[in-house]
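The values are calculated or read from the model by the stated rules, or taken from the named source; none is laboratory data. Treat the numbers as computed from the prediction; the structure is a model and nothing was measured. Here the Cβ positions follow ideal geometry from the backbone for every residue, glycine too, while neighbour counts run over all protein chains shown. The protein model used for the area step is the full one, side chains on, heavy atoms only, and it has no ligands, DNA or RNA in it. Shrake-Rupley method; radii C 1.70, N 1.55, O 1.52, S 1.80 Å.
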Amino acid sequence: RYVVLASISLCIFFVTGMPKELEITCLSVGQGDCLVIEYKDLVCVIDGGSSSESDVGTYTLLPFLKYQGIRQVDYLFLTHSDMDHINGIEALLLQSKTGVTIERVVVTDGKRLEDYGTIGEVVNQQKISVCQMQTGDFIKNGELLLECLSPSKEILENSEKSGNETSMVLLLTCGQFSMLFTGDAENEGETLVMSELHSKKVTGITVLKVAHHGSKNSTGTEFLEVVRPKVSLISCGENNSYGHPHIETLERLREAGSEVFVTKDSGAIVIAVKNEVKIYEYIQ
């Protein structure tokens, strides 16, 4: 599939020209999440796991990074500790074997790195810096701004909250383009995101990475009234046992006027941002 993806990418090169100011790829990892952000000399990876595909770090994420010519990931974000978001990360972290250097791992609370299983041990062995982001923290590189909208300190301190509830939610803005990365956020997490967007006077975004693989318990009507995404991406596996994406979620997205792309149907989804936004699907 990478030969086909390479052919498609070459077509993109000749159509749009280089260099691309911003490119975001939602990789096809089955029932899981993995996204790569490329902006000039900045590379970020958000999650990397799957409950339906084996070793997505070795067989999907690393080949993609190497094909793109990426030898350094500046920020590796772990939105939360569910295995379908992180079980491919350990392969990426083994720098001496992979040839890809990880500069920083970013979690919602550095004191809880042990919640990520053996990942914490590998991070320490490789002497990789660990950072934490909570509501209000941000990273800036040129025009690109990556802000953490959730979780807040209050959500993190409430031990009764589920892993989904404490998912890291990131808002990326670059010029007129914006994208919301939601992990598996739901309920109180979504409420906090709405509040943060209101305070920033954000009245709509370009692209939404739909939370929790399109579960019916996330991406509610009130949330969509605030976010108003022009395009929505859903990462999930074909014939998954959860019924993702749920038909009610798809209906809510379409009623909100959003164009929906799902990895089980589209394969890898590439968003290229230069003078305009272009979206490419791996499966034609």
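Considering segment 155-177, the residues that are over 15 Å from the mean Cα position of the chain (by Cα) and part of a strand (DSSP E or B) include one that is nearest to VAL43 (Cα to Cα), namely CYS174.
Candidates LEU172, LEU180, LEU156: the one that is aliphatic (A, V, I, L, M) and within 17 Å of ASP82 (Cβ to Cβ) is LEU156. When segment 2-50 is limited to residues that are assigned to a loop (DSSP other than H, G, I, E, B), open to solvent by 20 Å² or more (accessible area, probe 1.4 Å) and at pLDDT 90 or above, the one that is nearest to VAL207 (Cα to Cα) turns out to be SER28. Determine if segment 222-244 includes at least one residue that is under 21 Å from LEU22 (Cβ atoms), modelled with pLDDT under 95 and touching a Ser or Thr at 6+ places or on another chain (Cβ under 9 Å). No, because not a single residue in segment 222-244 is under 21 Å from LEU22 (Cβ atoms), modelled with pLDDT under 95 and touching a Ser or Thr at 6+ places or on another chain (Cβ under 9 Å). Within segment 74-111, the set of residues being free of Cβ contacts under 8 Å to residues at least 24 places away in the same chain and closer than 25 Å to LYS153 by Cα comprises GLY110, LYS111.
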